[in-house]
Amino acid sequence: FNLTRPNLTVQLPEDKLPKPLLGALWQEGELTVLFGPTNTGKSVLAVDLADAIAKGDGLFNGLLETASPKRVLYVDFELSEAQFAIRYRGREFSENLVRATPDYDFIDVKDFRNAVVRDMKAMVKEFGAEVLIVDNLSNVNPDNTQALDAAMLVQDFKKMKGELGISIM
């Protein structure tokens, strides 16, 4: 644990404070989780967030501003290449955005979570990503209903965030 005086913490200079990735909702260097019931548009929103951050455009007519454009790695466990093409045909995405899909022929299913986390770290480094968006966590760790399993996955992401200096959703 680190002990601090709250009055000193709130006086941090501006240059020590994180910049917004999405207004006050998500700041640089944070781990955040977007969740909700199935079929409510989380994946569509996640792609829009990824592209907005990659472009540095913000969302909703400036309601959620972003800092300068960031390199974003979007790990997509939801859509196949064909499904993504159908959904987003005609859309022009930022060159700062790259999408990764799992190749299940080469993933170690016995140690799936650790293999996926290791591979995501390698892709972040290779692409130079500043932001990692993973869609859908239940595919990384199928039994997130168990507190221990979910906690281990969150710890994996917190460790990755700290090691690589990135923001994760």
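Please go through the stretch 14-45 and give me each residue that is of a type outside the set (Val, Ile, Thr), part of a loop (DSSP other than H, G, I, E, B) and either at pLDDT 90 or above or within 18 Å of Gly58 (Cβ to Cβ) (or both), ordered by number.
Pro18, Lys19, Gly23, Leu25, Glu28, Gly29, Glu30, Leu34
Considering each residue of the stretch 6-46, count those that are under 23 Å from Gly162 (Cβ atoms) and not aromatic (Phe, Trp, Tyr), and give that number.
Selection size over the stretch 6-46: 26.
Go through the stretch 46-67 and report how many residues are part of a loop (DSSP other than H, G, I, E, B) and either farther than 15 Å from Lys19 by Cα or not charged (D, E, K, R) (or both).
Adding up the residues that qualify gives 8.
For Lys19, work out the one condition from (1) open to solvent by 90 Å² or more (accessible area, probe 1.4 Å); (2) farther than 28 Å from Lys121 by Cβ; (3) basic (Lys, Arg) it doesn't fulfil.
The failed condition is (2).
Looking only at the stretch 46-75, which residues are touching a strand residue (DSSP E or B) at 6+ places or on another chain (Cβ under 6 Å) and at pLDDT 85 or above?
Passing the criteria: Ala46, Ala50, Asp51, Ala52, Ile53, Ala54, Lys70, Val72, Leu73, Tyr74, Val75.
Being surrounded by fewer than 16 Cβ atoms within 10 Å (Cβ to Cβ) and small (Gly, Ala, Ser) is the filter here, so list the residues in the stretch 29-76 that pass it.
If the condition is that a residue be surrounded by fewer than 16 Cβ atoms within 10 Å (Cβ to Cβ) and small (Gly, Ala, Ser), then Gly29, Gly36, Gly41, Gly56, Gly62, Ser68 are the ones that fit.
Within the stretch 78-95, work out how many residues are out of contact with any strand residue (DSSP E or B) (no Cβ under 6 Å at 6 or more places or on another chain) and surrounded by 14 or more Cβ atoms within 10 Å (Cβ to Cβ).
5
Which residue pairs have Cβ atoms closer than 8 Å, lie 6 or more positions apart in sequence or on different chains, and pair a first residue in the stretch 25-36 that is of a type in the set (A, V, I, L, M, F, W, C) with a second residue that is assigned to a strand (DSSP E or B)?
If the second residue must be assigned to a strand (DSSP E or B), the pairs left are Leu25/Leu64; Trp26/Pro20; Trp26/Ser167; Leu31/Ser167; Leu31/Ile168.
Of the residues that sit in the stretch 129-152 and are at pLDDT 95 or above and open to solvent by less than 40 Å² (accessible area, probe 1.4 Å), which one is nearest to Met169 (Cα to Cα)?
Here the residue is Ile133.
Quick check on this structure: which one of Asp48, Asp76 is out of contact with any helix residue (DSSP H, G or I) (no Cβ under 8 Å at 6 or more places or on another chain) and not small (Gly, Ala, Ser)?
Unique residue meeting the criteria: Asp48.
The values are calculated or read from the model by the stated rules, or taken from the named source; none is laboratory data. Everything numeric here is computed off the predicted structure, so don't read it as measured data. Using ideal geometry, Cβ is built from the backbone for each residue, glycine included, and neighbour counts are taken over all protein chains shown. Heads up: the accessible areas ignore ligands, DNA and RNA and are worked out on the full protein's heavy atoms, side chains in. Shrake-Rupley method; radii C 1.70, N 1.55, O 1.52, S 1.80 Å.
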